[in-house]
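Structure first, commentary second.
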4 protein chains.
Amino acid sequence: MTDLRWKTSVTKVEPNKVSIRGYPVDKLMGKISFAQVIYLVLTGNMPSAEVGKLVDAIFVSSVDHGASPPSVLAARTVASTGAELNAAIASGVLAISKYHGGAIQEAMHLFLDIARRMEEGKKSETDAVWDVLNEMKEKGKRASGFGHRIHTEDPRTKRLFNLAQELDLAGKHIQIALAVEKSLKDMLGKPLPINVDGAIAAVLCDLDLPSEIGNAFFIIARVPGLVAHIHEEKIRMRPMRKIHPQDFEYDGPEEREL
Amino acid sequence: MTDLRWKTSVTKVEPNKVSIRGYPVDKLMGKISFAQVIYLVLTGNMPSAEVGKLVDAIFVSSVDHGASPPSVLAARTVASTGAELNAAIASGVLAISKYHGGAIQEAMHLFLDIARRMEEGKKSETDAVWDVLNEMKEKGKRASGFGHRIHTEDPRTKRLFNLAQELDLAGKHIQIALAVEKSLKDMLGKPLPINVDGAIAAVLCDLDLPSEIGNAFFIIARVPGLVAHIHEEKIRMRPMRKIHPQDFEYDGPEEREL
Amino acid sequence: MTDLRWKTSVTKVEPNKVSIRGYPVDKLMGKISFAQVIYLVLTGNMPSAEVGKLVDAIFVSSVDHGASPPSVLAARTVASTGAELNAAIASGVLAISKYHGGAIQEAMHLFLDIARRMEEGKKSETDAVWDVLNEMKEKGKRASGFGHRIHTEDPRTKRLFNLAQELDLAGKHIQIALAVEKSLKDMLGKPLPINVDGAIAAVLCDLDLPSEIGNAFFIIARVPGLVAHIHEEKIRMRPMRKIHPQDFEYDGPEEREL
Amino acid sequence: MTDLRWKTSVTKVEPNKVSIRGYPVDKLMGKISFAQVIYLVLTGNMPSAEVGKLVDAIFVSSVDHGASPPSVLAARTVASTGAELNAAIASGVLAISKYHGGAIQEAMHLFLDIARRMEEGKKSETDAVWDVLNEMKEKGKRASGFGHRIHTEDPRTKRLFNLAQELDLAGKHIQIALAVEKSLKDMLGKPLPINVDGAIAAVLCDLDLPSEIGNAFFIIARVPGLVAHIHEEKIRMRPMRKIHPQDFEYDGPEEREL
């Protein structure tokens, strides 16, 4: 023992035994889904089946969004130089930042701030929303989690909110997100719909998760998508090609049903 | 259209519609697990429920292994300097390399090579295994996927193989892995048991997945564990502390049952 | 030509000709030092011989600071897993952040802020320094660029300021840095000396360089040091060793003179 | 002291004293160039003024090559998402790989291999070169360090070799590189000229530097160029723009003289 001794509460490793937040990992395997174990390892708590299902849907919603996001372009660019898989993934993860996938944490702050004003300031939802939006307008700040370059009605947002409802997990932060969407439309004179970042943010707030790990949900969800693009780049394209950022065409399977 | 036009078969994005390998993502949400969607996006094929369950168990098996792996130490070291979450994750991913989590692809090559010799060379399993091991010995190469610094009987390996059996998905590569383990013991005079990398490699071969994405399964599994450690570093430790690589103690929940 | 056409003013590449900010690179080679060319490529201007010499000294000052900084530990940890050189460097660069090497930009803001108050607010240096320090104290903010865990009188700071003097390049920001050091001592009752980050920040302000590239000077300086450590890790240490963050000993050449 | 105690020969840090490979850093500042100190920290030896000048020219030669290399595109893509400077640099460094800037080490192996055959096998230069090239042809391997997409006569190669000559530092490996270039032309029926990677490789061999750090020379040289592009991206472009990989135009200073 030295004076540098420290403590960790994530995982206990003993000879022939590995316990994640107290649960032997071999007992989890085959019984608990990856999404549930992600929730467990991040929060320290085993989620209910319902929470597990909602978290699962969050990850599924964000697994990929085609070849145009900068994370994919950075990852493909690095892969194209003959780099290792992990280097290309790391490069993609570094592109998940402020303007791309990095809005979840900020949107959580927004919704939590409004909820706090409602509770502490005894304000109505509408008043709290307008107060915050007006303050942001004055500072020239945009609302994180709203607006999308391609989707006017993001199918992932709608499905996520419906699922939260079905699972009886929808709470006040989803309400607040919808109220912000409404007020933004009134303020701007045109719709600025909740995007998938904003929807995830609202759901994570309703699940009482800390905002500091908000962006992690997007990153964890997107890594498999990055791998798919890196793998495609490596097996299908020639090295060092010029990667056009939007002039590509989908040639995968036709739309199909489950 | 330009002469740089290219094609991708991963995801089709249209206004208000996102289809992963042909499946609208909002149809997948709430129905298909994250593990299944990872398999889908990586391979282009929707896995059966059984395959989904086995892949789920692979990810669960490798979500975390405590604070001592270099990926965790690199991620915590970067987090400790006040870096963003994604920078710390990227650093951790860069440490998942040749000697740490990077053995899956090589172990897959080993098992596929033995299977090929059995089929093409009409050799018995035992002969093919010994041929390969002797060749490796001559070249001074070690068998990837065997041996562990802490575990003599890795609980994850056993559970993974049992689960493959239960789900009727165990095939010849698991057999080959066990035969290699047996021959290594005879060759070395002491056991060098299949570790979790080797076990995952055998299962991925039996699932007919390409070896090029073998290491991706470990990386995808481990990113959530890295996030848990980064988050703990940020909320529990002071910045710029000296991070001892082994003098730490687990102080999380006692062992508990599902 | 497409509607994505964009412009860059860094380097012009034509067949058999490469011009950095207007200068053919083969004309620079052998005539202009690397430090000068770094200044040129970053700012667009060819530095005088004196400025080149001062910038050279900045880079020399920060090339390495032993094995304890987190950038070195992260880079060695990644190198130890068998990763490629560039992956280990990238990991080290990711650790050059807020609390480690990331103070130059903030210290530049501090000195520029004080200079602005002196000029716009017609304040004396002393008044402007105290105003800023008091405001920072109220907000609980620490002054970036001051204090060091090991050095009470950083030899690099002294040499850098002396050199600026000798080269007739010392200006008001070095004066301000010294005034802040003095006031901090009065405020805290103990010395909090200018560290090398603070010294570089003052010099860069006097050279009229933009604060946005302040941290770049440290990163550029430190990359060669990271490479030296990565190379030592690879040729001298066994893979996957436990890297103690402070229990190491220097066994290189004895002190020697030029 | 613990059983993890280790040794390092790079830098000794004591209170108020920092010694790089034995030289107090404040004694180096203002006397020795950054390029010389890079050589010192990498190799442990202080280079002569001549060697320092040649190494300086290597770094100058590779500081930037316009906006089209994948390292620049990856770094700009990450910068465009609002990421920190160091994350964008790291991403660029990860793209300096096998097919881009990663050829120096391999070209050094090629030249060293030919030199060894001449010495050990008592072969003429021509015979050794042809032996190696024929073996590579059989294996379908290309010669690293030869050929360029844009330059038929790389101005950097010529200047570097001339400078080595002027400084009396040109040795047998530059001769070998020229002999390989000649034989490749005969073999292929068209010229495949030495590119800057190949030229640096030959010079580094003549300077007796280990091939393991060959690629480091390119990475160290290019980091400042990456910073210039990242800075331009941040101050001149809007976030999240689509970055076309070749449809850009130089609009910096006209060609100018020193």
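Numbers below:
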| item | result |
| --- | --- |
| Failed criterion for A:Thr81 (all others in (1) β-branched (Val, Ile, Thr); (2) under 20 Å from A:Ile58 (Cα atoms); (3) touching a residue at least 40 places away in the same chain (Cβ under 8 Å); (4) part of a loop (DSSP other than H, G, I, E, B) hold) | (2) |
| Residues of the range B:175-226 satisfying the condition of being in a helix (DSSP H, G or I) and among the charged types (D, E, K, R) | B:Glu181, B:Lys182, B:Lys185, B:Asp186, B:Asp197, B:Asp206, B:Glu212, B:Arg222 |
| Every residue from the range C:69-79 that is open to solvent by less than 10 Å² (accessible area, probe 1.4 Å) and of a type in the set (S, T, N, Q) | C:Ser71 |
| Hits in the range A:104-159 (condition: among the hydroxyl-bearing types (Ser, Thr, Tyr), under 29 Å from A:Ser71 (Cα atoms) and in a helix (DSSP H, G or I)) | A:Thr157 |
| Complete set of residues in the range B:241-258 that are within 7 Å of chain A (Cβ to nearest Cβ), closer than 21 Å to B:Thr77 by Cβ and open to solvent by 70 Å² or more (accessible area, probe 1.4 Å) | B:Glu249 |
| Among the candidates D:Ser71, D:Ser48, D:Ser91, D:Ser80, residue that is away from chain A (no Cβ under 14 Å) and of a type in the set (Ser, Thr, Tyr) | D:Ser48 |
| Selection from the range C:51-67 of residues that are open to solvent by 10 Å² or more (accessible area, probe 1.4 Å), in contact (Cβ under 8 Å) with a residue 24 or more places away in the chain and facing another protein chain (nearest Cβ under 7 Å) | C:Lys53, C:His65 |
| Residue ID - farthest from A:Ala49 (Cα to Cα), chosen from residues in the range A:159-182 that are of a type in the set (Asp, Glu) and more than 10 Å from chain B (Cβ to nearest Cβ) | A:Glu181 |
| Selection status of B:Phe34, under 23 Å from B:Arg222 (Cα atoms), among the hydrophobic types (A, V, I, L, M, F, W, C) and free of Cβ contacts under 8 Å to residues at least 12 places away in the same chain | yes |
| Any hit, the range D:115-122, residues being under 18 Å from the mean Cα position of the chain (by Cα), more than 14 Å from chain A (Cβ to nearest Cβ) and either open to solvent by less than 40 Å² (accessible area, probe 1.4 Å) or of a type in the set (Gly, Ala, Ser) (or both) | no |
| The range B:202-212, residues that are farther than 21 Å from B:Ala49 by Cα and at the interface with chain A (Cβ under 10 Å from one of its Cβ atoms) | B:Glu212 |
| Flag for A:Gly101 being open to solvent by less than 50 Å² (accessible area, probe 1.4 Å), part of a loop (DSSP other than H, G, I, E, B) and either more than 7 Å from every other protein chain (Cβ to nearest Cβ) or at positive phi (or both) | yes |
| Scan of the range C:1-45 for residues that are facing chain D (nearest Cβ under 7 Å), closer than 21 Å to D:Ile58 by Cα and open to solvent by 50 Å² or more (accessible area, probe 1.4 Å), ordered by number | C:Lys12, C:Pro15, C:Asn16, C:Lys17, C:Lys27, C:Lys31 |
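Quick grid of which residues meet (1) open to solvent by 30 Å² or more (accessible area, probe 1.4 Å); (2) modelled with pLDDT of 95 or more; (3) farther than 27 Å from C:Asn86 by Cα:
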position	(1), (2), (3)
B:Leu112	yes, yes, yes
B:Asp127	yes, yes, yes
B:Asp131	yes, yes, yes
B:Lys137	yes, no, yes
B:Gly145	no, no, no
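Yes/no per residue for (1) within 12 Å of chain A (Cβ to nearest Cβ); (2) in contact (Cβ under 8 Å) with a residue 60 or more places away in the chain; (3) under 17 Å from the mean Cα position of the chain (by Cα); (4) over 27 Å from A:Ala35 (Cβ atoms):
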position: B:Thr157; (1), (2), (3), (4): yes, no, yes, no
position: B:Leu184; (1), (2), (3), (4): no, no, no, yes
position: B:Ile200; (1), (2), (3), (4): yes, yes, yes, no
position: B:Ile219; (1), (2), (3), (4): yes, yes, yes, no
position: B:Val223; (1), (2), (3), (4): yes, yes, yes, no
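The values are calculated or read from the model by the stated rules, or taken from the named source; none is laboratory data. A quick note: this is a predicted structure, and the numbers were derived from the prediction, not measured. We place every Cβ from the backbone using ideal geometry, glycine too, and count neighbours over all the protein chains shown. Surface accessibility is based on the protein's heavy atoms, side chains included, excluding ligands, DNA and RNA. Shrake-Rupley method; radii C 1.70, N 1.55, O 1.52, S 1.80 Å.
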